[in-house]
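The structure appears right after this line, and notes come after that.
The values are calculated or read from the model by the stated rules, or taken from the named source; none is laboratory data. In this text, all values refer to a predicted model and were calculated from it rather than measured experimentally. Don't worry about glycine lacking a Cβ; one is built from the backbone with ideal geometry, like all the others, and counts go over all protein chains shown. With ligands, DNA and RNA removed, areas are computed over all heavy atoms of the protein, side chains included. Shrake-Rupley method; radii C 1.70, N 1.55, O 1.52, S 1.80 Å.
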Amino acid sequence: MKIDELALVSEILTNESIDLSKVEGIYFQDKLLGNIVEQVKFLVENNLKLDVFFIAEKTGVEISYINQILDYRPILFDFDQSVDRLKERFLQAKIRNTAEEIINSPYTAHDMIEKIEDTIKDLSDIQKSETISCFESILELEDDLKKAEQLAQQGKINGLTSGFKNVDRLTGGFDAGDLTIIAARPAMGKTTFALNMAVEQALRGIPVLIFSWEMTAKE
């Protein structure tokens, strides 16, 4: 058992101000400690008070064991650095396990490549994933709405224009990362509408890529 994992869980159990979105139970080599962390996150995310009896019941441990964990809280402790070390060990272990699985399994070359690609994608998703709290999201949304309101008063939009004033008025323009779905019955002009918007961007010097295909009658 890693002493720093015990110290981290002790900090999570006693410090209500830390950001639990940065840590996941799967990162822990000690699965029992990881389960305890998941139960703490469940309580916090549901605005419930930390309850040692609830945690003990859900994880199947004795309350005395949880009390022992509390003794590992160090005087000098950096939560973020501890989480970074924890995640780094988890990623390294995942890479080693994948390598061992490939070596010891009768995979074809094609299967090996697919397995490696899947692992790389999983690792990339874990490294890039950063969860923000609902409160932070609301603050960001509030700023976006204020900015959109100010631009609307000036007759401007925040994102790229569609080329249609009424559409821009409703959407505020297209922003990076947006997924915009145009939905309507057949033969209503969806493709023509989308092509017109694409041409508008192309005329402004913005690169455009279009994929177009029709569904079969069976589909």
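Under the Karplus relation 6.51 cos²θ - 1.76 cosθ + 1.60, θ = phi - 60°, what is the ordered set of whole-Hz ³J(HN,Hα) values for the range 9-20, x standing for Gly and Pro?
Running phi through 6.51 cos²θ - 1.76 cosθ + 1.60 with θ = phi - 60° gives 5, 4, 5, 5, 6, 10, 10, 6, 8, 6, 8, 6 Hz.
Is the shape of the range 1-95 best called rounded, prolate or oblate, per the rule: a/c under 1.5 gives rounded, else a/b larger than b/c gives prolate, else oblate, with a ≥ b ≥ c the square roots of the Cα gyration tensor eigenvalues?
Rounded is the answer for the range 1-95, as its axis ratio a/c remains below 1.5.
Less than 10 Å Cβ to Cβ from Tyr107, Lys/Arg counted +1 and Asp/Glu -1: what total charge do the surrounding residues give?
That works out to -2.
Using Cα positions and a limit of under 19 Å, work out the aspartates and glutamates in reach of Lys147, with same-chain residues fewer than 8 apart set aside.
Straight-distance partners of Lys147: Glu136, Asp168, Asp175, Asp178.
Semi-axes of the chain's equivalent ellipsoid from the Cα gyration tensor, sqrt of 5 times each eigenvalue, largest first, rounded to whole Å?
Listed largest to smallest, the semi-axes of the chain are 47, 28, 16 Å.
Once phi is turned into ³J(HN,Hα) by the Karplus curve 6.51 cos²θ - 1.76 cosθ + 1.60 with θ = phi - 60°, what whole-Hz value does each residue of the range 175-183 show in order, with x for glycine and proline?
With the stated coefficients, the range 175-183 comes to 9, 4, x, 6, 10, 10, 10, 9, 10 Hz.
Would you mind counting up the charge near Thr98? Only other residues with Cβ under 10 Å from its Cβ, with Lys and Arg at +1 and Asp and Glu at -1. Intermediate results must be reported in sequence, preceding the final value.
Numbers: positive: Lys94, Arg96, Lys115; negative: Glu100, Glu101, Asp118, Asp122.
My count for the surroundings of Thr98 gives -1.
Could the peptides 65-72, 4-11 be put in order, highest first, of the mean number of other beta-carbon atoms found within 10 Å of their residues?
Listed from highest to lowest mean packing, they are 4-11, 65-72.
Leu43 versus Leu70, label points 7 Å from Cα toward the beta carbon: distance in nm?
If labels sit at Leu43 and Leu70, their model points lie 1.1 nm apart.
So, in nm, how far is label Thr192 from label Asp80 when the simple model puts each one 7 Å beyond its Cα toward the Cβ?
Rounded to a tenth, the inter-label distance reads 5.5 nm.
Leaving out ligands and nucleic acids, and using a 1.4 Å probe, what accessible area per residue does the range 1-77 come to in Å²?
59
Between Asp4 and Glu62, 0.36 nm times their residue separation minus their Cα-Cα distance comes to what?
Difference between extended and current length: 18.8 nm.
Using 0.36 nm per residue, how much length does the chain from Lys156 to Phe211 gain when fully extended, once their Cα-Cα distance is taken away? Provide the component values of the computation, followed by the final result.
On the way: separation 55, 0.36 × 55 = 19.80 nm, distance 2.99 nm.
Result: 16.8 nm gained on full extension.
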